[in-house]
1. Looking at 79, 96, can you tell me which residue is modelled with pLDDT under 95, surrounded by 19 or more Cβ atoms within 10 Å (Cβ to Cβ), under 30 Å from residue 139 (Cα atoms) and small (Gly, Ala, Ser)?
2. Is at least one residue of the range 76-98 in contact (Cβ under 8 Å) with a residue 24 or more places away in the chain, aromatic (Phe, Trp, Tyr) and farther than 16 Å from residue 114 by Cα?
3. When the residues of the range 10-24 are narrowed to those that are of a type outside the set (S, T, N, Q), open to solvent by 30 Å² or more (accessible area, probe 1.4 Å) and not in a loop (DSSP other than H, G, I, E, B), which ends up nearest to residue 55 (Cα to Cα)?
4. Of the residues in the range 88-134, how many are closer than 18 Å to residue 145 by Cα, aromatic (Phe, Trp, Tyr) and either in a strand (DSSP E or B) or in contact with a Cys (Cβ under 9 Å, 6 or more places away or on another chain) (or both)?
5. Taking the stated definitions as given, is residue 164 touching a residue at least 60 places away in the same chain (Cβ under 8 Å) and either outside any loop (DSSP other than H, G, I, E, B) or on the phi < 0 side of the Ramachandran plot (or both)?
6. Taking into account only those residues within the range 62-76 that are buried (at least 20 other Cβ atoms within 10 Å of the Cβ) and either under 17 Å from the mean Cα position of the chain (by Cα) or of a type in the set (A, V, I, L, M, F, W, C) (or both), which is nearest to residue 2 (Cα to Cα)?
7. For residues in the range 115-174 being within 18 Å of residue 26 (Cα to Cα) and among the aromatic types (Phe, Trp, Tyr), which is surrounded by the most Cβ atoms within 10 Å (Cβ to Cβ)?
8. Select from the range 1-23 the residues that are at pLDDT below 95 and of a type in the set (A, V, I, L, M) and list them in ascending order.
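The values are calculated or read from the model by the stated rules, or taken from the named source; none is laboratory data. All values reported here derive from a predicted model rather than from experimental measurement. Glycine also receives a Cβ, built like all others from the backbone with ideal geometry; neighbour counts cover every protein chain displayed. Heads up: the accessible areas ignore ligands, DNA and RNA and are worked out on the full protein's heavy atoms, side chains in. Shrake-Rupley method; radii C 1.70, N 1.55, O 1.52, S 1.80 Å.
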Amino acid sequence: MEKLLVLYSSRNGQTRKIIEAMQDEFSGYDVEVADLHGPIRKNLSKYDKVLIGASVRYGHFHRDLYTFINVHSEQLAAADASFFCVCLTARKPEKADPGNNAYIKKFLTKSPWRPRTIGVFAGALKYSEYNWWQTRLIQMIMKMTGGSTDTSRDLEFTDWDKVRDFARQLTGKR
């Protein structure tokens with residue numbers, strides 16, 4: 001059975017939720033899932049495929065993502081490794097295209113790794129989980145980008161069909 005390593009960086013759980021939705025498409029693989037914010041000591045050459053998913057918060061990926069990539073850049077370059085980004089800007093169709101997404105462009109500028117496949121998925125706006133300061137900051141960002149500033153409800157923008165299609169593409173089930 002082929003081995004798939006799935007690594008993720010999630011702030012409010014949406015990236016992890018996206019990975020969980022992909023799991024049905026990973027039948028036929030021995031899947032290992034690990035949080036990039038914990039100690040990761042993996043020999044990537046032991047896996048047939050590697051998938052890394054990371055969320056953007058306040059315009060940035062978490063530094064643990066870049067630390068992992070810098071430490072494992074040679075192994076990632078040799079691996080069948082893919083990447084996906086979770087960000088609220090992807091709620092707009094043109095920003096959900098990796099070629100048009102500013103965070104993917106920024107990632108490719110900062111990272112020595114060039115993933116074989118790249119995906120971008122819209123995340124969730126979870127006002128109920130933010131503290132007062134985070135709520136105000138995110139409201140300001142949403143106002144500037146034409147998003148919801150209504151704190152009375154959470155909004156999920158993830159296109160689950162697109163998530164499953166991306167997973168099928170990775171496993172060759174298209």
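1. On inspection, the qualifying residue turns out to be 96.
2. No; the residues of the range 76-98 include none that is in contact (Cβ under 8 Å) with a residue 24 or more places away in the chain, aromatic (Phe, Trp, Tyr) and farther than 16 Å from residue 114 by Cα.
3. 16
4. Counting residues in the range 88-134 that are closer than 18 Å to residue 145 by Cα, aromatic (Phe, Trp, Tyr) and either in a strand (DSSP E or B) or in contact with a Cys (Cβ under 9 Å, 6 or more places away or on another chain) (or both) gives 2.
5. Yes, satisfied.
6. By that ranking, first place goes to 76.
7. 166
8. 1
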